[in-house]
1. Considering the stretch 272-300 alone, what residues qualify as being without any contact (Cβ under 8 Å) to a residue 60 or more places away in the chain and among the hydrophobic types (A, V, I, L, M, F, W, C)?
2. Checking the condition out of contact with any Cys (no Cβ under 8 Å at 6 or more places or on another chain) and modelled with pLDDT under 95, which residue from VAL389, VAL356, VAL398, VAL366 passes?
3. Give the residue, chosen from ARG339, ARG355, that is more than 20 Å from GLY274 (Cβ to Cβ), touching a residue at least 60 places away in the same chain (Cβ under 8 Å) and basic (Lys, Arg).
4. From LEU323, LEU243, LEU282, which residue is touching a helix residue (DSSP H, G or I) at 6+ places or on another chain (Cβ under 6 Å) and buried (at least 18 other Cβ atoms within 10 Å of the Cβ)?
5. Which strands (runs of 3 or more DSSP E) sit wholly inside the stretch 146-245 and have at least 1 residues that are within 24 Å of SER112 (Cα to Cα)?
6. Would you check which residues across the stretch 120-145 are away from the ligand (no atom under 15 Å from the Cβ), among the β-branched types (Val, Ile, Thr) and in a helix (DSSP H, G or I) and list them?
7. Any residue in the stretch 256-271 that's over 17 Å from THR307 (Cβ atoms) and assigned to a loop (DSSP other than H, G, I, E, B): show its pairings with residues that are within 16 Å of the ligand (Cβ to nearest atom) and at pLDDT 95 or above at Cβ separation under 7 Å, as long as the two are six or more apart or on different chains.
8. Would it be correct to say that SER337 is of a type in the set (Ser, Thr, Tyr), farther than 18 Å from ALA419 by Cβ and buried (at least 20 other Cβ atoms within 10 Å of the Cβ)?
Amino acid sequence: MKEPAFDVRGADRRHVWHPYTQHGAADPPIPIVRAEGAYLVDDHGREIFDAISSWWVTLHGHAQPEIVNAIAKQAQTLEQVIFAGFTHEPAARLASDLLARAPVGLDRVFFSDDGSTAVEVAVKIALQYWVNRGEKRRTIVALENAYHGDTFGAMSVSARGLFTEPFEHLLFDVARLPDPVTNDVVSALEALIGQRERAIAAVIVEPMLMGAGGMRMWSAGALRGIRELTAAHGIPLIADEVLTGFGRTGPLFACEHAAISPDLMCLSKGITGGFVPLGATLATNALFDTFTSKDRTRTLFHGHSYTANPIACAAGLASLALLDEVSVERRREIGWSHRAAAIGLQVMKGILNVRVLGTVMAMDLVSRDDGYLSTLGPALNRFALQRGVLLRPLGNTVYILPPYCSTDDDLARAYDAIADFVDSLGDTR
Ligand SMILES: Cc1ncc(COP(=O)(O)O)c(C=O)c1O
């Protein structure tokens, strides 16, 4: 007798709590049974183009065979080992291979679990660096509209607002620089350093592209200016490349647009090609050396159960190899496709500020209710899904951030879904 099919929808409805989901208002989640390349396949066999790389992680494509094989091989050899007092080839190799490709001057890799923990680690290293040096510097400088994750340190350095409001009283104070898209952030930093230099422990930025804050693209000149100022004053610069890393903005890392090297760099999302979670914080030896001592109180007392999980590291190595081999040309082509589509979208009445950086395209929809809670977001999400495209707008900001295997036809489906949605609104928005 055939086993009755498991009731995924029912079990999910009764037992699961989803991320960033208002269970009182959202449509029920769609069961996905498999995925391949740029497509998800739901339990009715419907194919959905994953135009946002499943929350920005799927780099080359779903079920990429080289990564599948690397994971399977590693799982049969060494699936996990405590990373204090032990090491293993996948971690040591991945650290070496990441540093070989990262901006010069980064010498050490601290592994963690995800983007938020990669940021926590960077912030803790920067703060303890000053403690280890015997200086009282406790202020982190962060950008308006930044997003660095959902743990408490990462929330503290992120913009304050809807996401952080219930926890406001528990977040540590930071010094805030204005949004670099619309302000002279370099002069603002210069003024701040003039007033409070001896309090500043670090500056944290999302280089070139502020993601969850609205896919806000800012200039290489401003990034370079921030680096020059922080370097001149000996202030560590943290580049949060959790989103921008591994080619999303064109070059392998967004810092390359400005030809700069940060003191700390946070990586995650695409690091394993989007297969399994892994975070990494890259640091200079100048920072690392202040922790190295016979004095055990100078230790970085931080670690996670799965730090440098061998399976995740093996996936990371396979993904890096693919980045070197096949994705450079495809990334360039995605950029061209976006730029060509931007010409048509930009002239539409309901669309403003179409922007492209590497493989990322974003635009704002004209809306009565701007911001993350704009009703246009869920409406477009629903509309696009009916056309077999996954878009998950940030309020009235729509973006496409596709896996690198996406073809021009796949991308056209996403552009068309957006254009048709805007057309369908007529003047009702
Ligand atoms: C720039 C940036 N930093 C950190 C994070 C947090 O990463 P995670 O969701 O893996 O914790 C994100 C997530 O979107 C991000 O975009």
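1. Listed by number, the list holds a single entry, ALA286.
2. That would be VAL366, the only listed residue that is out of contact with any Cys (no Cβ under 8 Å at 6 or more places or on another chain) and modelled with pLDDT under 95.
3. On inspection, the qualifying residue turns out to be ARG355.
4. The match here is LEU243.
5. Here the list reads 200-205, 237-240.
6. Of everything in the stretch 120-145, those that are away from the ligand (no atom under 15 Å from the Cβ), among the β-branched types (Val, Ile, Thr) and in a helix (DSSP H, G or I) turn out to be ILE125, VAL131.
7. Pairs that qualify, where the first residue is over 17 Å from THR307 (Cβ atoms) and assigned to a loop (DSSP other than H, G, I, E, B) and the partner is within 16 Å of the ligand (Cβ to nearest atom) and at pLDDT 95 or above, are ILE260/LEU223; SER261/CYS255; PRO262/LEU237; PRO262/ILE238; PRO262/ALA239; PRO262/CYS255; ASP263/LEU237.
8. no
The values are calculated or read from the model by the stated rules, or taken from the named source; none is laboratory data. What you are looking at is a predicted structure, and each value in this text was computed from that prediction instead of being measured. Backbone-built Cβ (ideal geometry, glycine too); neighbour counts: all protein chains shown.
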